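Participant: My questions all concern the structure below.
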Amino acid sequence: IVSLQTRLFSLRPLTSRLLSGAEWSLPIRLCSTMADKEPKDTLVLVTGASGYVASHVVLNLLKQGFRVRGTVRSLKNAAKIDPIRKLDVDGRLELVEADLLKEEGWANAISGCDFVQHVASPFPIVADETVVTTAISGTLNVLKAVAKCPSVQKVVLTSSCVSVNEGHDQNRTFDEEDWTNLEDSRVGLYPKSKTMAEKEAWKFQKEIPEGDNKFRLSTINPVLVIGPPLIDEQGSSISIIRQFLQHEMPACPPMQVALVDVRDVAEMHVKAMLSPETDGHRFLAASQPSYWFRDISRVLGKEFKEHGYCTPRYEAPGFIVRLMAIFDKQAASVIDRLHHEIKFDNSKAQRMLGMSFRDPDESLKEMGYVCIERGIVKKNKNYKGCPEKYKEFAKH
């Protein structure tokens, strides 16, 4: 989606001519194995702790009293890890180095942990088939170490909605029983990598040999994650907010996208970790309904107009995207989504995890203010400041 927006931006002269005229709730039922173990005595590993979603998982766990060990690629990267260290107010967070693309280091990182929240994904250097192989090897490197660590009861794996709905007719509602159709030539490398990595995780967990740790597994499959960042990371949704508010987009793609607040995603990770009913289940993390990109622009435009920000007022004609698709595989992969609704069924998360999803309007507004306050979005000279209700995550 971000790539498509960037390409639309590159066509700005053409399009301009064409277009002129529940906060921290506890799980429903704790794991029976934790009945006699307090959170303060429970150690949870969070991979990629400095990431957008993972940092909120860390915060949720700390607020509920757990001990947390977070992995990062480098302890020397102060810009990435200092914001995470600040979450620790009473010494229950430790950070260690571990690289998803290397087997070494994971045994030590996982040693003594009761649960593993595997949120991290390998960062692709080039956009080729290595994206798929690194995603799979990164997941298996962690799971292989878990299988050799008898203290770990369960792994919660962060997957994606793109392992659910890609390569299908989009005019229907998708749920956790659906899998991306890898036989469809329109499926891009990223959906392919997330799908294959999740499938390999389930396969590995089901085939753990006797004598190894037969850990339990659940996956969380988020849609586009929005909400206040804890770190200054330029991820997909943050880039979209930046492009909208800085008017780097001449027009909105004529598409829908499903949204979910990052705090809801973190809450789902922790609830799935602690609820035995979730073992062996996938969970879509999605609020309802989905938003057209013009809806996102409208919400941001209305909120930030008085601060001097201007968002796109028009949609890009579908034929521009279709023209791009002739030369661009990524544009071709979204052709079947033009002017179509995107529907995900979140009833399983509501039923089994007790989820009540945040209003995306509020998440978008809060995200906008936090991005401005943290310097991710340029502060306009007419900016009047962050409202009190959004200040919690606006601190540097």
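Where a number appears in this text, it was derived from the coordinates with a stated rule and is not lab data. Quick caveat, the model's predicted, so the values are computed rather than measured. All Cβ positions, even for glycine, are placed from backbone atoms using ideal geometry, and neighbour counts span all protein chains on display.
Participant: Using amide H atoms built in the peptide plane, which far-off residues or other-chain residues are under 5 Å from R216 H to H?
Facilitator: HN-HN under 5 Å from R216: K154, V155.
Participant: Now for a different question. Running Debye on the range 349-396 with equal point scatterers at the Cα sites and no solvent, what base-10 log of I(q)/I(0) appears at q = 0.14, 0.18, 0.31 Å⁻¹?
Facilitator: -0.44, -0.61, -1.16
Participant: Can you tally the net charge around V132? Count Lys and Arg as +1, Asp and Glu as -1, for every other residue whose Cβ sits under 11 Å from the Cβ of V132. If you can, show how the numbers build up before the last one.
Facilitator: Values: positive: K192, K194; negative: D128, E129, E200.
So the surrounding residues net to -1.
Participant: As a check on your grasp of the helix formula, calculate [θ] at 222 nm for the chain: sum -39500 (n - 2.57) over DSSP H runs of n ≥ 4, divide by the residue count, round to the nearest 500.
Facilitator: -11000 deg cm²/dmol
Participant: Looking at the range 82-145, which GluC sites (Glu not before Pro) are DSSP coil and have at most 10 other C-beta atoms within 10 Å of their C-beta?
Facilitator: Hits after loop and neighbour filter: E104.
Participant: I'd like the FRET efficiency for I208 and E388, computed as 1/(1 + (r/R0)^6) with the beta carbon distance as r and R0 of 41 Å, rounded to 0.05. Before the final figure, lay out the partial values.
Facilitator: Numbers: r = 50 Å, r/R0 = 1.23.
According to the calculation, E is roughly 0.25.
Participant: Can you list the residues, at least 5 places off or on another chain, whose amide H is less than 5 Å from the amide H of G70, using H built in the peptide plane?
Facilitator: The answer is V46, E94, L95, V96.
Participant: For the range 164-232, place one equal point scatterer on every Cα, skip the solvent, and apply the Debye formula. What is log10 of I(q)/I(0) at q = 0.17 Å⁻¹?
Facilitator: The calculated log intensity ratios at q = 0.17 Å⁻¹ are -0.80.
Participant: A further question on this structure: Using the Karplus curve 6.51 cos²θ - 1.76 cosθ + 1.60 with θ = phi - 60°, work out ³J(HN,Hα) for each residue of the range 74-90 in order, rounded to whole Hz, and write x for Gly and Pro.
Facilitator: With coefficients 6.51, -1.76 and 1.60, one gets 8, 7, 8, 7, 4, 4, 8, 9, 4, x, 6, 4, 5, 6, 8, 9, 9 Hz.
Participant: Please list, in order along the range 101-112, the HN-Hα scalar couplings obtained from phi with the Karplus expression 6.51 cos²θ - 1.76 cosθ + 1.60 (θ = phi - 60°), rounded to whole Hz, x for Gly and Pro.
Facilitator: 8, 10, 6, 5, x, 6, 4, 5, 5, 8, 3, x
Participant: Hey, another quick one. Which value, in Å to one decimal place, does the Kirkwood hydrodynamic radius take for the range 115-168 when every pair of different Cα atoms is included?
Facilitator: With all distinct Cα pairs of the range 115-168 included, I get 12.7 Å.
Participant: Answer with one residue from I240, N346, P312: the one whose Cα lies farthest towards the positive end of the charge dipole of the chain, charges on Cβ with Lys, Arg +1 and Asp, Glu -1.
Facilitator: The listed residue farthest towards the positive side: P312.
Participant: Here is a further query. How many percent of the alpha carbon pairs in the chain exceed a separation of 35 Å?
Facilitator: 25 percent
Participant: Here's something else I'd like to know. How large is the dipole of the range 196-345 about the Cα centre if only Lys and Arg carry +1 and Asp and Glu carry -1, each at its Cβ, rounded to the nearest 20 debye?
Facilitator: 400 debye
Participant: What is the range 176-260's relative contact order, in percent, from Cα pairs under 8 angstrom and six or more apart in sequence?
Facilitator: Across the range 176-260, relative contact order equals 24 percent.
Participant: From a point 7 Å beyond the Cα of H340 in the direction of its Cβ, which residues of the range 173-203 have a backbone N at a distance under 17 Å?
Facilitator: Correct set: 173-175, 178-188, 191-192.
Participant: I'd like to know which of Q256, V164, N382 lies farthest towards the positive end of the charge dipole of the chain, counting +1 on Cβ of Lys and Arg and -1 on Cβ of Asp and Glu.
Facilitator: N382
Participant: Listed here are the pairs K76/K395; K154/K391; K154/K194; K199/K343; which of them are more than 27 Å apart at the Cα?
Facilitator: K154/K391
Participant: Still on this model: Amide H neighbours of A285 under 5 Å, counting only residues 5+ apart in sequence or on other chains, H built in-plane at 1.01 Å?
Facilitator: Residues meeting the amide H criterion: N221, V223.
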